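The values are calculated or read from the model by the stated rules, or taken from the named source; none is laboratory data. Source: prediction; values computed, not measured. All Cβ positions, glycine included, derive from the backbone under ideal geometry; neighbour counts span all protein chains shown.
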Amino acid sequence: MSHHFVRYTDVHYRYNDGTEALRGVSLEIKHGERVALLGLNGSGKSTLMLLTDALFYPTSGEVNVGDVPVTEKTASMIRRSVGFVFQDPEDMLFMPTIYDDVAFGPRNMQLPEEEVMRRAENALTLVGLKNMGEKASYQLSGGQRRSAAIASVLSMEPDILLLDEPSANLDGKARKNLIEILNKYEHTIILATHDLDLAAKICHRAVVLEEGRVKLDSPIESLISNSELLKEMSL
C-alpha cells in the first residue's frame, strides 16, 4: 500500500438530517505536506477529516489514502496509516494511566509487548511526558492532556496526522509546546483550525472551505499576508 498522497475526488457528504457538509471537494495532499484546513464553523473541515480516517464514508465521490479507497472494507487498513487527534483530549484518554492510553493502539494492533513499549516510550518522550506515564489523565494539565492525546496517536506511527482544533483552550506555554511537537513530526499533517497564527507556524499550505466547497488553495504565506483576502475569506 502506497501512502504518498491523500486524494479527494468530487467528494460529497450528506448527514442523515439532510445537511450537505461537503459539496464536491477535490484536492490532493502529497506525502510530507502540512496543510491547514480553514473556514467558519460548519464549512466542512471536521467532516473532511472524519472521511479521511474512515470514520465516515462519502455520499458520493472518492477519498483515497495512497492507492487505497476509503471504504468500510479498507477502514482498518486506512486507520493504520492515518491518526486522528480529536478536539477534546478526554475523548481519547480512557485508560487507568497515560502509558496505557499511549500503548492502547499498538496493543490493539497485536504487536509484541516489547514493540508496544518502544513505541509508547518514544511517543511519550517526543511530547515531553517521558516521566509521567504512570499518572492518570485527571492528574495532568490541559496542555499535558493534549500532549498525551497526541502521543496516543503517534505511538501508532501513522503516515498522516489529522488534528481538529488542537490549540483550543490551551494557554501560551502549552500552545508553544504543541507547535514544537508538531514541527518534529516528519510526515503529513492535516490541521483543522481557526488559529491562523498556529497554522502559519506549522503548515505550508492553506485550504479554505466555505459551505462544503474549496474556496481557496494556496501557500499559507500568501493568505496571511493579504488582509483583504483574509476579510474576503471571513478569516
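Could you figure out which of (1) in a loop (DSSP other than H, G, I, E, B); (2) more than 20 Å from the chain's Cα centre (by Cα); (3) of a type in the set (Phe, Trp, Tyr) isn't true of Tyr99?
It fails just one condition, (1).
Which of the residues belonging to the range 211-222 are surrounded by 15 or more Cβ atoms within 10 Å (Cβ to Cβ) and free of Cβ contacts under 8 Å to residues at least 40 places away in the same chain?
Within the range 211-222, just Leu216 meets the criteria.
How many of the residues in the range 144-187 are acidic (Asp, Glu), within 24 Å of Gly44 (Cβ to Cβ) and over 13 Å from the mean Cα position of the chain (by Cα)? Spell out the reasoning first.
Initially, the range 144-187 is screened for residues acidic (Asp, Glu), giving 157, 159, 164-165, 171, 180, 186.
When the remaining residues are screened for being within 24 Å of Gly44 (Cβ to Cβ), the result is 159, 164-165.
Next, only the ones that are over 13 Å from the mean Cα position of the chain (by Cα) stay: none.
Looking only at that region, the number is 0.
Can you confirm whether the range 33-53 contains a residue that is surrounded by fewer than 22 Cβ atoms within 10 Å (Cβ to Cβ) and farther than 30 Å from Arg145 by Cβ?
Looking for residues that are surrounded by fewer than 22 Cβ atoms within 10 Å (Cβ to Cβ) and farther than 30 Å from Arg145 by Cβ, one finds none in the range 33-53, hence no.
Can you name every residue in the range 1-31 that is surrounded by 15 or more Cβ atoms within 10 Å (Cβ to Cβ), within 15 Å of His187 (Cβ to Cβ) and touching a strand residue (DSSP E or B) at 6+ places or on another chain (Cβ under 6 Å)?
Phe5, Val6, Ile29
Please pick out the residue among Glu186, Glu165 that is touching a His at 6+ places or on another chain (Cβ under 9 Å), surrounded by fewer than 21 Cβ atoms within 10 Å (Cβ to Cβ) and assigned by TED's automatic domain parsing to the domain that holds Ala21. I'd like the intermediate steps shown before the answer.
Numbers: Glu186 fails: touching a His at 6+ places or on another chain (Cβ under 9 Å).
One residue alone meets the criteria, Glu165.
Tell me the residue from Ala206, Ala148 that is closer than 30 Å to Arg14 by Cβ, crowded, with 21+ Cβ neighbours inside 10 Å and out of contact with any Phe, Trp or Tyr (no Cβ under 9 Å at 6 or more places or on another chain), please.
After applying the criteria, what remains is Ala206.
Taking into account only those residues within the range 79-120 that are out of contact with any strand residue (DSSP E or B) (no Cβ under 8 Å at 6 or more places or on another chain) and among the hydroxyl-bearing types (Ser, Thr, Tyr), which is nearest to Ile150 (Cα to Cα)?
Taking the candidates together, the pick is Tyr99.
State yes or no: is Glu28 assigned by TED's automatic domain parsing to the domain that holds Ile179, without any contact (Cβ under 8 Å) to a residue 24 or more places away in the chain and within 16 Å of His204 (Cα to Cα)?
Yes; evaluated as a whole, the condition is true for this residue.
Just give me the residues in the range 37-55 being farther than 15 Å from Val70 by Cβ and out of contact with any Lys or Arg (no Cβ under 7 Å at 6 or more places or on another chain), in sequence order.
Leu38, Leu40, Asn41, Gly42, Ser43, Gly44, Lys45, Ser46
Counting only residues that are outside any loop (DSSP other than H, G, I, E, B) and in contact with a helix residue (DSSP H, G or I) (Cβ under 9 Å, 6 or more places away or on another chain), how many does the range 36-65 have? Steps first, please.
Restricting attention to the range 36-65, the residues satisfying the condition of being outside any loop (DSSP other than H, G, I, E, B) are 36-38, 45-52, 60-65.
If we keep only those that are in contact with a helix residue (DSSP H, G or I) (Cβ under 9 Å, 6 or more places away or on another chain) too, we end up with 36-38, 52, 63, 65.
Count: 6.
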